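Asker: Take a look at the following structure, please.
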């Protein structure tokens, strides 16, 4: 009971973690990307599309190789998500459109596109087989129990998320690239005066961040629910939670590992207790959102300098402005 | 540029900020953008089906204006979106990112439905309607004022706060539905009590109501002291402080107003349109309202046009979906998204212009 609960919590947490890292990277570049929910959706459809293409190219589906499935889902998700992120990037960086509005439009568009393609153009017939292979864990953990299962009983994506989070933290705090990126987010004009290529950094940050966020959706479909597809609105809700999580974790990807697992636990708390009444379940479902709000309030009350959002967040940069 | 001694190359195209732009130019840019957006989305629709381009526009128009009932529905939905936009407008003018329109509408609707559910048949309908009105306005205002208080006191990020309030509102609705619907089907049957009376037909009253609110809002923002304070806070909080405006008070007061109007939209949804509630009752108007408001650059009278346009597209797309035989309704989201992109990019061409490199090689040679 506890083991399955923790495993599901980590799985949901991983979906949020991918979204959270992606959003953190774009926010560090000074772009509040409210399109992340839509981008996670298109990442899902991209990954699913490539998995279905690979599965259909095989003669015997059961022989599908693990590495090819992982690669095709990663590639598809990254491609589609960063393309959608690319629309956002062109509109907000080059055309200097309002970031909030553009993000909302991206979310509407991404949700629609995903629903449309998944419904009519992605062959979902082999997804349960593919899902089983993708979610394979290390052989010794398969039949284990207890703490070993909780630590090692996950598919590749869970560990990928942790690795990406740690690498991102390292880049932010220990490298020149990270320093430049943070400078852009804090004060774009100063970074420009420093000689940093603002446009290049912003584009790379948004494309990379969107691509990483896209992994979240494909992980949810392929690994956690083993290939079943209902609708894009679930993933969209995860996207909004991921954006909230960025604030919860104070723009620090290493904290976001813990934070996202906590959110994951809250999210599935409503389904974990079997003996609860329907009304109690509905109350529990509201819990993650209530906690998010409480965290938002607490972080804003603490008002510490290092816990604040990037100062230039949400502002378009035009060099010739004062 | 006459002496190229530094060997500096002028870029092929550069961006220059516009100082002023004529109204005709603005309109031209928007019209071009809408045409581009629609053409692009029609091409996409055609690509995925066997129909032609003319079918797309034909069914777009018949879907929105095809029959008398469709026209009334179009006007009713425009009015609802207009009401939502009026709720969001004062907040946005204050640069308060209220993404919680959906939640505020939903709790307003829920409060009204609760009155209908508990009092229906026991008390006279006119009393129920009065109570519904008070309850939904109060509920919407409370839902909006909670984030406003924290924004005013602790500078809590309001866009995420209001966003989370949407989900809590949805949770409350599904909670109430599980309590009210004993069968467990999760669908609340339309309640025959507390329905707003028809005047002429059932669409007319909401339309008139929201047009009146729009005019009042126009006057409020333009000619009242409150409206002035809102625009100063929106331009610069520091300026507002120096002028002696109590920023906290303005934020809280404006959000109460904003939430109250959103609650009113919920009231109309409960009493006149649906007579029931689901988690999707707000029909995502909280977000489309943001689009309508922003596209109209915060001008209440232009919002009438933008909300009509947005409703027109989404209504028309229903018919397009039928003719093109798309099996799910997501194509309309794609089209709406593309049209939004096209129109959002307009803001760039209104604020900036592109200057191309002139041919000056000959000049240098001379």
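The values are calculated or read from the model by the stated rules, or taken from the named source; none is laboratory data. Fair warning: this is a prediction, and the values are worked out from it, not measured in the lab. Cβ atoms come from the backbone with ideal geometry, glycine included; neighbour counts cover every protein chain shown.
Asker: So, residue B:134, is that one more than 8 Å from chain A (Cβ to nearest Cβ), within 29 Å of residue B:197 (Cβ to Cβ) and either in contact with a strand residue (DSSP E or B) (Cβ under 9 Å, 6 or more places away or on another chain) or surrounded by fewer than 16 Cβ atoms within 10 Å (Cβ to Cβ) (or both) or not?
Answerer: Against the criterion (more than 8 Å from chain A (Cβ to nearest Cβ), within 29 Å of residue B:197 (Cβ to Cβ) and either in contact with a strand residue (DSSP E or B) (Cβ under 9 Å, 6 or more places away or on another chain) or surrounded by fewer than 16 Cβ atoms within 10 Å (Cβ to Cβ) (or both)), residue B:134 qualifies.
Asker: I'm told residue A:141 meets every condition in (1) closer than 30 Å to residue A:64 by Cβ; (2) surrounded by 15 or more Cβ atoms within 10 Å (Cβ to Cβ); (3) at the interface with chain B (Cβ under 7 Å from one of its Cβ atoms) except one. Can you identify the failing condition by its number?
Answerer: Evaluating residue A:141 over (1) closer than 30 Å to residue A:64 by Cβ; (2) surrounded by 15 or more Cβ atoms within 10 Å (Cβ to Cβ); (3) at the interface with chain B (Cβ under 7 Å from one of its Cβ atoms) leaves (3) as the failure.
Asker: Another question, then. Being surrounded by fewer than 19 Cβ atoms within 10 Å (Cβ to Cβ) and in a helix (DSSP H, G or I) narrows it down to one residue among B:177, B:211; which is it?
Answerer: The conditions single out B:211.
Asker: Among the residues of segment B:263-280, what is the count of those that are in contact with a helix residue (DSSP H, G or I) (Cβ under 6 Å, 6 or more places away or on another chain) and either surrounded by fewer than 24 Cβ atoms within 10 Å (Cβ to Cβ) or outside the structural domain of residue B:76 (by TED's automatic domain parsing) (or both)?
Answerer: Number of matching residues: 2.
Asker: Right, next: So which residues in segment B:338-353 are more than 8 Å from chain A (Cβ to nearest Cβ) and either surrounded by 23 or more Cβ atoms within 10 Å (Cβ to Cβ) or part of a helix (DSSP H, G or I) (or both)?
Answerer: Those that are more than 8 Å from chain A (Cβ to nearest Cβ) and either surrounded by 23 or more Cβ atoms within 10 Å (Cβ to Cβ) or part of a helix (DSSP H, G or I) (or both): B:339, B:342, B:343, B:346, B:349, B:350.
Asker: Does segment B:25-44 contain any residue that is exposed (fewer than 11 other Cβ atoms within 10 Å of the Cβ), more than 14 Å from chain A (Cβ to nearest Cβ) and farther than 17 Å from residue B:334 by Cβ?
Answerer: Looking for residues that are exposed (fewer than 11 other Cβ atoms within 10 Å of the Cβ), more than 14 Å from chain A (Cβ to nearest Cβ) and farther than 17 Å from residue B:334 by Cβ, one finds at least one in segment B:25-44, hence yes.
Asker: Which numbered condition in (1) more than 9 Å from chain A (Cβ to nearest Cβ); (2) farther than 14 Å from residue B:96 by Cβ; (3) in contact (Cβ under 8 Å) with a residue 12 or more places away in the chain; (4) over 23 Å from the mean Cα position of the chain (by Cα) is the only one that residue B:152 fails?
Answerer: That leaves (2) as the condition not met.
Asker: Which of the residues spanning segment A:229-257 are in contact with a helix residue (DSSP H, G or I) (Cβ under 6 Å, 6 or more places away or on another chain), farther than 29 Å from residue A:112 by Cβ and part of a helix (DSSP H, G or I)?
Answerer: If the condition is that a residue be in contact with a helix residue (DSSP H, G or I) (Cβ under 6 Å, 6 or more places away or on another chain), farther than 29 Å from residue A:112 by Cβ and part of a helix (DSSP H, G or I), then A:253, A:254, A:257 are the ones that fit.
Asker: Taking segment A:37-49 as the region of interest, how many residues are more than 12 Å from every other protein chain (Cβ to nearest Cβ) and buried (at least 24 other Cβ atoms within 10 Å of the Cβ)?
Answerer: Counting residues in segment A:37-49 that are more than 12 Å from every other protein chain (Cβ to nearest Cβ) and buried (at least 24 other Cβ atoms within 10 Å of the Cβ) gives 7.
Asker: A follow-up question, please. Of the numbered conditions (1) surrounded by fewer than 22 Cβ atoms within 10 Å (Cβ to Cβ); (2) at pLDDT 90 or above; (3) not assigned by TED's automatic domain parsing to the domain that holds residue B:172, residue B:256 satisfies every one except a single condition; which is it?
Answerer: Result: residue B:256 fails condition (3) only.
Asker: Given the structure, is residue B:141 more than 10 Å from chain A (Cβ to nearest Cβ), buried (at least 21 other Cβ atoms within 10 Å of the Cβ) and in contact (Cβ under 8 Å) with a residue 40 or more places away in the chain?
Answerer: Yes.
Asker: Specify the residue that is surrounded by the fewest Cβ atoms within 10 Å (Cβ to Cβ); the eligible residues are those in segment A:290-313 that are more than 9 Å from chain B (Cβ to nearest Cβ) and outside any helix (DSSP H, G or I).
Answerer: Going through the qualifying residues, I end up with A:304.
Asker: Looking at segment A:264-286, is at least one residue surrounded by 17 or more Cβ atoms within 10 Å (Cβ to Cβ) and closer than 30 Å to residue A:91 by Cα?
Answerer: No, segment A:264-286 contains no residue that is surrounded by 17 or more Cβ atoms within 10 Å (Cβ to Cβ) and closer than 30 Å to residue A:91 by Cα.
Asker: When you go through A:287, A:241, A:262, A:250 one by one, which is the residue that is more than 11 Å from chain B (Cβ to nearest Cβ) and over 15 Å from residue A:165 (Cα atoms)?
Answerer: A:262
Asker: Output the residues belonging to segment B:228-253 that are surrounded by 15 or more Cβ atoms within 10 Å (Cβ to Cβ), closer than 18 Å to residue B:300 by Cβ and free of Cβ contacts under 8 Å to residues at least 24 places away in the same chain.
Answerer: Matches in segment B:228-253: B:229 only.
Asker: Right, next: Within the bounds of segment B:211-233, is there any residue that is modelled with pLDDT under 90 and either within 14 Å of another protein chain (Cβ to nearest Cβ) or over 19 Å from residue B:86 (Cβ atoms) (or both)?
Answerer: Scanning segment B:211-233, I find no residue that is modelled with pLDDT under 90 and either within 14 Å of another protein chain (Cβ to nearest Cβ) or over 19 Å from residue B:86 (Cβ atoms) (or both), so the answer is no.
Asker: Quick one: residue A:180 ticks every box in (1) surrounded by 14 or more Cβ atoms within 10 Å (Cβ to Cβ); (2) over 20 Å from residue A:21 (Cβ atoms) bar one, so which box is it?
Answerer: (2)
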